[in-house]
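Throughout, read-outs are computed from the coordinates displayed, never taken from laboratory work. Not measured: the values here are computed from a predicted model. Positions of Cβ are backbone-derived with ideal geometry, glycine not excepted, and every protein chain shown enters the neighbour counts.
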Amino acid sequence: MNHLRFPPLLLCLTRARALPAALLVVGLLGAGCSSEAPATDDVRPVRTMILAPVSIDADAELSGEVRPRIESRLGFQVAGRVSSRRVELGQRVRRGDVLATLDPADFTLTATAASAQLSAALVERDQQRADIKRFEDLHRQGFISAAELERRRAQLDAAEARHAQASALADVSTNQAAYATLRAPADGVISAVDAEVGQVVSAGQSVVRVALAGDKEVAVSIPETRLEQFRRAETVRVTLWAHRQELSGRVREIAPIADPATRTFAARVTLIEPPAEVALGMSATVRFSSAPMPPSLAVPLTALLREGDATYVWRLDRQAMTVARSPVTVAGVSGNQVILGGGVQAGETIVTAGVHLLKPGQKVRLLDVDPGSRPGEPVSAVQ
């Protein structure tokens, strides 16, 4: 058998080309097995601020609406169909004026039936009284027994009770007929109409609203961050949007519980001697000032770390560029600033962003320093 023979030069070139490829594969495998990625330190970038006493702004303002001191929702004491409405929105009324009436047909029939029952009970009672006198005479003459006389007296007592019941029902029917007429309980102005003619209303359902004459107030909603400052307000000034006239006011009441939807506390500010042109529903701005708070250490909300019932901040060691966790006490809140009551000192550097990603002793690197947190620079509360 003949064997193929390659020229010596071609055989050498083929072997030369195959050798580098094999060496390359072996080199890659060896490098993948023997080399390891160099370890790097876990350095977190953070923002910081330098603690310094700050002055908290004692002035603030809220928007509100002029409302009456008392606004009554008036309704009938009985159910029925509204037959007439005698007042219009914005109309002034006096005590005793008729505001609306119900259809009196059913009340008239009820009163007639109650009157008839009272008459029947009255006749029965009088008959029983006359009969008892005759039976007492018969008993003295010995014609009836004592037991029979007692039975007749029991019948008289029952007739007396039925008469009293019928009399009470007649009085109730008379009152219900009177309840079909809705009257103003005091002087005031119609602030809303909640039912129209022909509408069937239930007992107690609001038909009209009357803003009683008297004090005018501004209803405002206080955010949680301003609640304590509003409680300490020494002066309250109210400016109407329509007249730009500044009026004096005083805080009358603050709701003890926040609204679950808006997380604000409803409050009322009474206007002191408002002019006649102040109308209900006008928009107003309430400005209040409280006693200035002494300079305090304050940090943004993002600087706090909450774990369980404790609150912490991260202090930066500028020499080692590591952080340590320090417990602090919160003295109050003003806008986006949290006033600290203890646990830190002026001049210390505090981490203000990324606090949930840190751990004790961790190395960090600084991003640009918060420009509003240099030592000695006052920070005003956010309005």
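Key figures for this structure:
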| quantity | calculated |
| --- | --- |
| Segment Thr329-Ile254, extension gain: residue separation times 0.36 nm, minus the distance between their alpha carbons | 24.3 nm |
| Expected-Rg normalisation [2.2 N^0.38 Å, Cα atoms] applied to the stretch 273-325 | 2.31 |
| FRET efficiency, Arg95 to Leu122 (Cβ-Cβ, R0 41 Å, nearest 0.05) | 0.65 |
| Stretch gain in nm, segment Glu88-Thr174, where the contour uses 0.36 nm per residue and the Cα spacing is subtracted | 28.1 nm |
| Local net charge near Ala186, Cβ-Cβ under 9 Å (Lys/Arg +1, Asp/Glu -1) | +1 |
| Per-residue ³J(HN,Hα) for the stretch 120-125, Karplus 6.51 cos²θ - 1.76 cosθ + 1.60, θ = phi - 60°, Hz, x for Gly and Pro | 5, 5, 5, 5, 5, 5 |
| Compactness of the stretch 105-178 as Cα Rg over 2.2 N^0.38 Å, two decimals | 1.48 |
| Linear extension gain, Gln205 paired with Ala310, 0.36 nm per residue minus alpha-carbon span | 32.8 nm |
| Simple label model, 7 Å out from Cα along Cβ direction - Arg318 to Ile272, nm | 5.0 |
| Point-to-point label distance, Leu301-Arg244, nm (Cα→Cβ direction, 7 Å offset) | 3.5 |
